[in-house]
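The values are calculated or read from the model by the stated rules, or taken from the named source; none is laboratory data. Since the structure is predicted, the reported quantities are computational estimates derived from the model, not experimental observations. All Cβ positions, even for glycine, are placed from backbone atoms using ideal geometry, and neighbour counts span all protein chains on display.
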Amino acid sequence: MPTIHDEDLARILLGDCPYSDPTTEGLGISRTPARAILTARHDMTVCAVEEAARMFELSGASVRIVVPSGTRAAAGTLLLEAHGTGGSLHRTYKMAQTLMEILSGIATATRAIVDAAHSVNPHCRVTCTRKHMPGMKRWALHAIETGGAAPHRLGLSDYVLVFEEHRSLLDGNVSLADHFARLKAFSPERRLAAEASEVEEAVLLAQAGAEIVQVDKMTPEQVAATAERLRAFSPRPLLAAAGGVNASNAAAYAAAGADLLVTSAPYLAPPRDVKVRIEPA
């Protein structure tokens with residue numbers, strides 16, 4: 001799991017309350033002993049409970065985590081309980097609640113895709129792209145890993161993936177196999193992946209030396225046809241299905257023979273509501 005530092009959490013709190021809280025202070029309840037209770041309003045795969053707890057601690061409260069991240073929680077489940085002053089709880093709870101809701105939404109959507117794929121092929125791996133909100137990589141990775149997926153690529157620097165947009169700039173007088181050989185020599189510790197949009201194109205990429213063939217926006221039937229053609233290769237390239245993969249079709253793609261499912265869908269998932277109640281301690 002990505003490490004979320006105290007500085008990241010403190011920055012969130014400071015952004016919401018950079019000075020004072022005139023409502024809590026004006027009502028004279030900033031020093032009143034209080035308790036915050038956070039529960040799941042809907043079924044969810046819980047994410048960011050530990051980070052929410054740490055936010056309360058940074059504000060001076062004590063915390064009891066009831067359900068850790070990664071747990072499937074039913075509606076009404078108690079997730080977290082914090083004890084502190086009225087001031088400390090009001091400075092914290094909305095940001096902690098929002099963080100849990102957004103990341104639990106991503107984790108829940110990720111888990112649904114993973115469950116669908118594994119229902120027909122437990123060896124099929126679900127991966128999520130880097131098409132998350134820019135600047136939110138650490139949080140996005142935390143949420144998808146909590147939901148059971150892995151990062152597809154952390155960024156351009158850690159993965160060799162040849163798109164049509166790369167191939168369009170290559171010297172046509174040099175074979176694709178030679179271009180791929182040059183790329184492998186440049187990055188010998190990385191597997192070479194290349195993307196295709198048609199079955200025959202996928203076969204040509206495998207013949208040129210692609211170790212991972214990623215097919216974009218193919219139907220499950222086209223993925224099955226590609227998988228059948230790739231079985232003739234030794235070693236057989238891994239087959240990754242990308243483009244439009246979601247919980248409703250993940251099982252079909254996994255059953256078609258995809259080794260990897262590549263998706264951005266979890267990042268667009270709606271938040272999973274977390275109910276907050278504050279009461280006298």
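Name the one entry in 203, 199, 162, 213 that is of a type in the set (A, V, I, L, M), under 16 Å from residue 236 (Cα atoms), in the same structural domain as residue 130 (by TED's automatic domain parsing) and within 25 Å of the chain's Cα centre (by Cα). Walk me through it before giving the result.
Values: 203 fails: within 25 Å of the chain's Cα centre (by Cα); 199 fails: within 25 Å of the chain's Cα centre (by Cα); 162 fails: under 16 Å from residue 236 (Cα atoms).
Matching residue, one of 203, 199, 162, 213: 213.
Being without any contact (Cβ under 8 Å) to a residue 24 or more places away in the chain, more than 26 Å from residue 266 (Cα to Cα) and in a loop (DSSP other than H, G, I, E, B) is the requirement here; does residue 169 meet it? Write out each step before concluding.
Values: without any contact (Cβ under 8 Å) to a residue 24 or more places away in the chain: yes; more than 26 Å from residue 266 (Cα to Cα): yes; in a loop (DSSP other than H, G, I, E, B): yes.
Spelling it out, residue 169 is indeed without any contact (Cβ under 8 Å) to a residue 24 or more places away in the chain, more than 26 Å from residue 266 (Cα to Cα) and in a loop (DSSP other than H, G, I, E, B).
Which count do you get for residues in region 163-182 that are out of contact with any Gly (no Cβ under 9 Å at 6 or more places or on another chain) and among the hydrophobic types (A, V, I, L, M, F, W, C)?
Residues meeting the conditions: 4.
So how many residues does region 54-96 have that are in contact with a strand residue (DSSP E or B) (Cβ under 7 Å, 6 or more places away or on another chain), crowded, with 20+ Cβ neighbours inside 10 Å and part of a helix (DSSP H, G or I)?
Summing the residues that are in contact with a strand residue (DSSP E or B) (Cβ under 7 Å, 6 or more places away or on another chain), crowded, with 20+ Cβ neighbours inside 10 Å and part of a helix (DSSP H, G or I) in region 54-96 gives 4.
Which of (1) without any contact (Cβ under 8 Å) to a residue 40 or more places away in the chain; (2) surrounded by fewer than 18 Cβ atoms within 10 Å (Cβ to Cβ); (3) out of contact with any Asp or Glu (no Cβ under 8 Å at 6 or more places or on another chain) is the odd one out, the single condition residue 243 does not satisfy?
So the condition that residue 243 fails would be (3).
For region 31-53, which positions are hydroxyl-bearing (Ser, Thr, Tyr), assigned to a strand (DSSP E or B) and over 17 Å from residue 147 (Cβ atoms)?
Matches in region 31-53: 39 only.
Going through region 14-30 one residue at a time, which ones are aliphatic (A, V, I, L, M), under 11 Å from residue 90 (Cα atoms) and assigned to a helix (DSSP H, G or I)? Quick ask: steps written out before the conclusion?
Filtering region 14-30 down to residues aliphatic (A, V, I, L, M) leaves 14, 27, 29.
If we keep only those that are under 11 Å from residue 90 (Cα atoms) too, we end up with 29.
Of everything in region 14-30, nothing turns out to be aliphatic (A, V, I, L, M), under 11 Å from residue 90 (Cα atoms) and assigned to a helix (DSSP H, G or I).
When you look at residue 227, is it of a type in the set (Gly, Ala, Ser), at negative phi, part of a helix (DSSP H, G or I) and surrounded by fewer than 18 Cβ atoms within 10 Å (Cβ to Cβ), yes or no? Before you say what the answer is, go through the steps one by one.
On the way: of a type in the set (Gly, Ala, Ser): yes; at negative phi: yes; part of a helix (DSSP H, G or I): yes; surrounded by fewer than 18 Cβ atoms within 10 Å (Cβ to Cβ): no.
No: the conditions fail for residue 227.
Out of (1) assigned to a loop (DSSP other than H, G, I, E, B); (2) under 21 Å from the mean Cα position of the chain (by Cα), the odd one out for residue 235 is which?
Result: residue 235 passes all but (2).
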